[in-house]
Each structure stands twice: as C-alpha cells, then as structure tokens.
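Engineer: Structure incoming, see below.
Throughout, read-outs are computed from the coordinates displayed, never taken from laboratory work. The structure displayed is predicted, hence computed values, not measured ones. With ideal geometry, Cβ positions are generated from the backbone for all residues, glycine too; neighbour counts draw on all protein chains shown.
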Amino acid sequence: MTEIKLVPPNPVANGPVAAAVLACGFGCFALGALAVAADGSRSLAAALNFYNPTGPLSGVATVAIALWLVCWALLAARWRNKTLAFGKVSALAFLLLALGLLLTFPPCGDLMLGR
Amino acid sequence: MEITQRELVTMIHGMLFGGFFLLALFGALVLLLDRFNPDRIAADAASMKPAPRWQTIYLIAMVTLGWAAVISGAYIIYPWYRAIAPPGADLALYPKFLLTAHPTTAGWHNFGMEWKEHVAWIAPMAGTMVAWVMLRHRAAWNAHRSVRSTVLGFVAAAFLAAAIAGGWGAMINKKAPVQGGQSIQLMGSTR
C-alpha cells in the first residue's frame, strides 16, 4: 500500500482537496465493485434491492454514494489544514477511478465472475 | 400532436437533465483549461477573490443537472424500462423484455443498459467533487499544479462517463422506446 507522507509546510494546504479527490476515486471504485458483486451474488443483489421497481441498482448506487460521502468526511477531518504529497494521493485516486470505470464495463465484470 | 407521459418524462431525463449536464461538463472542461493560464493563476492568487457569481451558479447548476439525470433515470425511467411483462402482453410497453426477446437485440440491454445504468453515477460524483474544489478551494487550485491536473482529469472522466451513459440511453431508447401512460396533447391537430 502506498504510504502518503506529509511534505514540508506550504502556505496553501491541499489536504481538503486531497480528501475530496481520494474520496471521489474511492466512491467510483465502490460503485464498480458493488455492481460486479451484486451481479455475481443473488443474496447480495437481494440485500441491495432497496427499492423494488429499480432493483439492486438502487442499493448499489445508494451504498456507493454513502461510502463516498463518509470517506470524504473522514478524510476531510483528518487532512484539514495539512499539505500532503498530492502526487501520490492523485495517483491512488486515478487508480481507483480507472478501476471503477473498468468494473462498470460489462465484459470486465463478466470476466471477473468467470462468465 | 401528442406525446405520452412516459415519453415526456424520458425526454426531460435525457434531453434536459442529461443533455445539458453533458454540455455543462464540456463547458467546465474548457473553463478549467482556461484557468491553467499562468497569468490568470497569478492574478487570481493575488486578488484572493472568491469564484465569480456566474461560475458559482454555473457549477451548482451543472451538479444539480447531473444528480437530477441519474436520480430520475434510476427511480422513474428505469422502473418503466425493466417492468416485468405479463404473459401475452404487448412487449412494446416493456422495453427490457422487447430487447431481450431476440438474440439480435439482446445486446442493447445485456451490454448497453448494464453499462449505462452503473457508469452514469460516476459523472455526478466526479462533477460534485470538481465543483466543490473550484468553489471552496480556489487557493489550492492556484497554488498547486498537481491539484489543477488532477481536477481536470476528473472532469474529463465525468464527461466520458456522462457521454457513455447518454449515448447508450439515446440509442436504447431509439431501439426500444419507453412509452405508455396518459397521452398529453402538445398542439392542436393540423392538416
């Protein structure tokens, strides 16, 4: 796991932006991962069926958004007034975003589920 | 000239919310690229002014359109699209079943809709983050080039996700339109 270290003080803290960016990447990844997991597991799909007319998509989207916002709030509280090595945060956020985009692509999900 | 209630709501979802969200994302991309200009960054950093009022309204409207598109899509249109067709029903009123009934059209659902229904959510999430950074953390934008590059990358990803969702939505609705509900007369009949 990449360690995110603090860098020397900067007049303008980038911690809150780093928190927003990383949380967004995580939210996108959570969305993709939940979509694939719900597609592969009937019990999880049933558990994520929050609103029957919409089906499991309702739970996938709701849980992913909740995870995104909780992650954002926690990181924002932790990194308030801090200046981080933004390049590492950015790389991790883009990795999560790319994985999230890939997991929403049906052939990738099917590949992971062995179909 | 008539339109059904479901067709009207689908148009509002796709052409008003989704279409304008896509346009707004492209506008945001151009806006952010313009703000890479070193002279503009220096002037903005020196003035310490908050975002201009029009940018605040623009970015909030962009985010609102994005969330309106995905929420109306998932909770109003999608239930009409995926409703289970009773035996012997006219499949024209059940788009998912109309598409999956034939191997030649099943891919529109199994590939297109399966992709669209999930990837769409990435766009408003990324758009919200971008708007929040541009409105609340302009100082960090001006001070760190890596912040500018990252935020720009997320706008591009949001645009890509919205374009995929919008493109598939338009094509699927052309192949198997969501229809039904009360008829609404838009204009008197003409000869």
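Engineer: So if I take the centroid of the Cα atoms in segment A:71-115 and the same for segment B:1-39, what is the distance between those two points in Å?
Structural biologist: Rounded to whole Å, the Cα centres lie 25 Å apart.
Engineer: Sequence gap of 8 or more, or different chains, plus Cα separation below 24 Å: how many lysine pairs satisfy both in chain B?
Structural biologist: Working: B:LYS96/B:LYS116; B:LYS96/B:LYS174; B:LYS96/B:LYS175; B:LYS116/B:LYS174; B:LYS116/B:LYS175.
Final tally of qualifying lysine pairs is 5.
Engineer: For the protein assembly as shown, take N as its residue count and report Rg(C-alpha) divided by 2.2 N^0.38 Å. Can you show the working numbers first?
Structural biologist: Details: Rg = 21.3 Å, N = 306, 2.2 N^0.38 = 19.4 Å.
Ratio of Rg to 2.2 N^0.38 Å for the protein assembly as shown: 1.10.
Engineer: Mind checking which of B:ALA85, B:ALA120, B:ALA165 has the largest fluctuation in a GNM of chain B, springs on alpha carbons under 10 Å?
Structural biologist: Of B:ALA85, B:ALA120, B:ALA165, the Gaussian network model singles out B:ALA85 as fluctuating most.
Engineer: B:GLN182 to B:ASN110: extension gain in nm, 0.36 nm per residue of separation minus the Cα-Cα distance?
Structural biologist: Extra length available between B:GLN182 and B:ASN110 comes to 23.0 nm.
Engineer: Could you tell me what fraction of 2.2 N^0.38 Å the Cα radius of gyration of segment A:28-112 comes to, as a two-decimal ratio? Display every interim value, and only then the final one.
Structural biologist: Numbers: Rg = 15.2 Å, N = 85, 2.2 N^0.38 = 11.9 Å.
In units of the 2.2 N^0.38 Å rule of thumb, it is 1.27.
Engineer: Counting other C-beta atoms within 10 Å, and keeping those with at most 12, which DSSP coil chymotrypsin sites (Phe, Trp or Tyr not before Pro) do you find in segment A:14-115?
Structural biologist: none
Engineer: Still on this structure: Are there chymotrypsin sites (Phe, Trp or Tyr not before Pro) in segment B:42-98 that DSSP marks as loop and that have at most 14 other Cβ atoms within 10 Å, and which are they?
Structural biologist: Numbers: sites: B:TRP54, B:TYR58, B:TRP67, B:TYR75, B:TRP80, B:TYR81, B:PHE97; in loops: none.
Filter output for segment B:42-98: empty list.
Engineer: Pick from B:PHE20, B:PHE159, B:PHE111: which residue has the top mean-square fluctuation in a GNM of chain B where Cα pairs under 10 Å get a spring?
Structural biologist: Result: B:PHE111 has the largest fluctuation of those listed.
Engineer: Going by how many other Cβ atoms sit within 10 Å of their own, how do B:HIS109, B:HIS118 line up, fewest first? Don't skip to the end; give the middle numbers.
Structural biologist: Numbers: B:HIS109 21, B:HIS118 29.
Going from least to most buried by this count: B:HIS109, B:HIS118.
Engineer: Residues with beta-carbon under 13 Å from that of A:ALA35, excluding A:ALA35: net charge, scoring Lys, Arg +1 and Asp, Glu -1?
Structural biologist: On the way: positive: B:LYS116; negative: A:ASP39, A:ASP110, B:GLU114, B:GLU117.
Every neighbour counted, the sum reads -3.
Engineer: In a shell of Cβ-Cβ distance under 11 Å around B:ILE41, excluding B:ILE41 itself, what net charge do Lys and Arg (+1) and Asp and Glu (-1) give? Write out the running numbers ahead of the final one.
Structural biologist: On the way: positive: B:ARG35, B:ARG40, B:ARG138, B:ARG145, B:ARG148; negative: B:ASP34, B:ASP39, B:ASP44.
That sum, taken over residues with Cβ under 11 Å, equals +2.
Engineer: Let me ask something else about it. Quick one: net charge around B:THR105, please, counting Lys, Arg +1 and Asp, Glu -1 for every other residue with C-beta under 12 Å from its C-beta.
Structural biologist: Net local charge, B:THR105 excluded: +3.
Engineer: Now for a different question. With N residues in chain B, what two-decimal value do you get for its Cα radius of gyration over 2.2 N^0.38 Å? Present the calculation step by step, with values, prior to reporting the outcome.
Structural biologist: Numbers: Rg = 20.6 Å, N = 191, 2.2 N^0.38 = 16.2 Å.
The reported ratio for this selection is 1.27.
Engineer: Roughly how many whole Å is it from the C-alpha centroid of segment A:38-58 to that of segment B:120-191?
Structural biologist: Each part's Cα centre sits 24 Å from the other's.
Engineer: Could I ask something else about it? Using the alpha carbons of segment B:84-162, what is the convex hull volume per residue in cubic angstrom, as a whole number?
Structural biologist: With only Cα atoms used, segment B:84-162 gives 96 Å³ per residue.
Engineer: So if R0 is 51 Å, what FRET efficiency would B:THR56 and B:HIS102 give, r being the distance between their Cβ atoms, rounded to the nearest 0.05? Don't skip to the end; give the middle numbers.
Structural biologist: Details: r = 49 Å, r/R0 = 0.97.
With R0 = 51 Å, the Cβ-Cβ based efficiency is 0.55.
Engineer: For a quick check, take a GNM of chain B with Cα springs below 10 Å and name the residue from B:ILE164, B:ILE71, B:ILE84 with the largest mean-square fluctuation.
Structural biologist: The residue with the greatest mean-square fluctuation here is B:ILE84.
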